[in-house]
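Below is one structure, written out as structure tokens; the observations come after it.
The values are calculated or read from the model by the stated rules, or taken from the named source; none is laboratory data. Just so you know, these numbers come straight off a predicted model, no measurement behind them. Quick reminder, even Gly has a Cβ in these numbers, built from the backbone with ideal geometry, and neighbours come from all protein chains shown.
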Amino acid sequence: MTRLARLPQARPRHLVGVAIGALLSLALAACATVQTTAPGTIGIERRQQMLVSEQEIDGAASAAYAKELDTARVAGHLNTDPALLARVRRISERLIPQTAVFRPDAPAWPWDVNVQATAELNAYCMPGGRIMVYSGLVEKLGLSDAELAAVIGHEMAHALREHTRERVSRAYAQGLVLAGVAALTGLGQAATELAGRVSDVTFQLPHSRAQEEEADVIGLELMARAGYDPDAAVSVWRKMAASETSAPPQFLSTHPSSGSRIEDLQARVPVVRPLYEAARH
């Protein structure tokens, strides 16, 4: 007589909850809590939890940036405008020495600054100082040097604060927890992926806004120290707001809304204005 396979018994909900809490605690315990930057005049004090090393992230960023450069080069979109490239690099060279205020090691990073010809309004700085500015950002918004310094300083701040490493660490920790939850509850692959999306909304969304706010104010201090009028950081976001055809409410976005961003920056400008005045003389 054929024996029927025993169906898995559902675990009591309270036991699953206890196990999930234990998994989350283990994942967080494995994280190293670090202060990646000095607070600067602007006063960034938040400590961060890291589960992966700076070296691992730097290696991955180096490979990813090289791939982006190769793709842009093959497409004929890399550094096609010598005047714009020279302008972006000149501004970056004024900002880079100011990074020592937040990280003494940062001026010695292997900084690499390039421009990609694209209509997109974007720029980024990968870990280790690997910068890319999209031409559409400068051309469509008609950015002045000071406004461009605000954008580049903002992107540099992401690298200084190791926001990429922090996000990867958080995603990795959540992945460990979700894998354990799936094993405990019998969730299938599709359900696990859905749970991952819910986790992103629940945990990543507020944290990403915090990172953007940090990058705004660190970038504001960098540009002021480099002798760029900090009011230009406000005008950049006014231009961005005017260019938006539609924008989701702030609580649905990983970035602060333009309105709140402008208000926050305006409140911080008086803090860094003495730095700007000192740099001019």
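Summary table
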item: Qualifying residue in segment 83-100 (condition: outside any helix (DSSP H, G or I), out of contact with any helix residue (DSSP H, G or I) (no Cβ under 6 Å at 6 or more places or on another chain), surrounded by fewer than 20 Cβ atoms within 10 Å (Cβ to Cβ) and not small (Gly, Ala, Ser)); result: no
item: Selected residue [part of a helix (DSSP H, G or I), at pLDDT below 95 and surrounded by 20 or more Cβ atoms within 10 Å (Cβ to Cβ)] from 177, 151; result: 177
item: Matching residues in segment 102-135 - criterion: being aliphatic (A, V, I, L, M), buried (at least 21 other Cβ atoms within 10 Å of the Cβ), in contact with a Phe, Trp or Tyr (Cβ under 8 Å, 6 or more places away or on another chain) and more than 21 Å from residue 37 (Cβ to Cβ); result: 115, 132
item: Qualifying residue in segment 6-28 (condition: at pLDDT 90 or above, part of a helix (DSSP H, G or I) and closer than 30 Å to residue 264 by Cβ); result: no
item: Residue within segment 108-116 that is in a helix (DSSP H, G or I) and not acidic (Asp, Glu) present; result: yes
item: Residue count for segment 34-65, restricted to those that are loosely packed, with under 13 Cβ neighbours inside 10 Å and of a type in the set (S, T, N, Q); result: 3
item: Meets criteria (touching a residue at least 60 places away in the same chain (Cβ under 8 Å), under 22 Å from residue 145 (Cα atoms) and of a type outside the set (Ser, Thr, Tyr)) for residue 89; result: no
item: Meets criteria (touching an Asp or Glu at 6+ places or on another chain (Cβ under 9 Å) and modelled with pLDDT of 90 or more) for residue 159; result: no
item: Flag for residue 145 being at pLDDT 95 or above, among the charged types (D, E, K, R) and under 16 Å from residue 81 (Cβ atoms); result: yes
item: Cβ pairs under 6 Å, 6+ apart, first in segment 231-248 and farther than 23 Å from residue 277 by Cβ, second at pLDDT 85 or above; result: 239/141
